[in-house]
Amino acid sequence: MLELEIQNCKRREELCITIVDWFYANYLIDYELEVIVEHKNLRKDSVYGYCDISPYEECGWEPRSFLIEMEKTLTIDTYIQVLLHELYHVFQFCKGDLAIKNSIRHWKGKSIEGLEYEQQPHEIEAEEKEKVLYESFMEYLEDT
Ligand SMILES: [Zn+2]
């Protein structure tokens, strides 16, 4: 089961639900999850999206509560791609490949502290998947 809460974006609410539901059905169906998608101004941080374990839950190896932050002003195509990228991080957390222990990010059990963004294994994997996910999702949209 998925509990989804969307904050601060009436304009994209329906699209957001469609994307999250699609991703959940395809990748996360085995997990009981709580996902909050918060829309805000992230341009000051020069990013389009963030995915983190929800601050309401203690960080651990089996997080089931997530906070995704999305830049408010993205075009539809970029919005879809960024949200799928962030959801892929949720999948990495659920699989246990990605974890936060004592505030330190781990990939497959090893600390990735200090690695540049481009070298972080979870980002490399998510960037690779992003386009495939986007294409599959667009096909799904056309078929419905
Ligand atoms: Zn990422």
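Odds and ends about this structure:
- Taken over the chain, lysine pairs spaced eight or more positions apart, or on distinct chains, with alpha carbons under 19 Å apart number 9.
- Charge dipole of the chain (Cα centre as origin; +1 on each Lys and Arg Cβ, -1 on each Asp and Glu Cβ, all else neutral): 400 debye, rounded to the nearest 20.
- Positive-end ranking of I68, S103, T78 along the dipole of the stretch 2-143, with charges on Cβ about the Cα centre, is headed by S103.
- Farthest toward positive dipole pole in the chain [+1 Lys/Arg, -1 Asp/Glu at C-beta], among S136, L115, L28: L115
- Put simply, the C-alpha atoms of the stretch 2-143 give a gyration tensor, and the ellipsoid matching it has half-axes of 23, 17, 16 Å, longest first.
- Each other residue within a Cβ distance under 15 Å of G49 adds +1 if Lys or Arg and -1 if Asp or Glu, for a net charge of -4.
- Of the GluC sites (Glu not before Pro) found in the stretch 110-140, those in coil by DSSP whose Cβ has at most 16 other Cβ atoms within 10 Å are E113, E116.
- The C-alpha radius of gyration of the stretch 74-127, expressed as a fraction of 2.2 N^0.38 Å, stands at 1.22.
Values quoted throughout were computed directly from the atomic coordinates according to the rules given, and no laboratory measurement underlies them. Values in this document were obtained by computation on a predicted structure and should not be read as measured data. A quick note on method: Cβ atoms are made from the backbone with ideal geometry, for glycine too, and the neighbour counts reach across all protein chains shown.
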